[in-house]
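We did not get these values from a lab; they are worked out from the coordinates using the rules stated. Every value quoted in this text rests on a predicted model; they were computed, and no experiment measured them. Glycine gets a Cβ as well: all are built from the backbone with ideal geometry, and neighbour counts include every protein chain shown.
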Amino acid sequence: MNRFTIVEGFYVYLSLHGEGQFSAKYQRLCHMSRYFHPGAMWSETRSLEDPAIREVYDYLVANYKDK
C-alpha cells in the first residue's frame, strides 16, 4: 500500500465522518486540503470502490478515535 492510498482513505474517512466546523476531524481535513487536491470528478463513493482505499477507510472506522 502506498502513501497516496493512505491519504485518500483518510480523506474519505474525514469527509464522511466530519463532526462540524470546529471539530478536530474538520481541522485535519482542512490541513490535508493543503496537499491533497481531489478533482471535480472525485467522489467518496468512487474512491471506496478501490479495495486498498476501502481497507484504509474500514480500518479508520474501526479504530480511529478523536482526541
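Just a few scattered comments:
- Pairing each residue of segment 27-39 that is under 10 Å from Y11 (Cα atoms) with any residue that is in a helix (DSSP H, G or I) and among the hydroxyl-bearing types (S, T, Y), provided the two are 6+ apart or on different chains, yields C-beta distances under 8 Å for L29/Y11; L29/S15; M32/Y11; F36/Y11; P38/Y11.
- Residue check, V61 under 11 Å from the mean Cα position of the chain (by Cα), surrounded by fewer than 12 Cβ atoms within 10 Å (Cβ to Cβ) and not acidic (D, E): yes
- Search result, residues across segment 10-23 that are closer than 11 Å to Y64 by Cβ and touching a residue at least 24 places away in the same chain (Cβ under 8 Å): F10, Y13, H17
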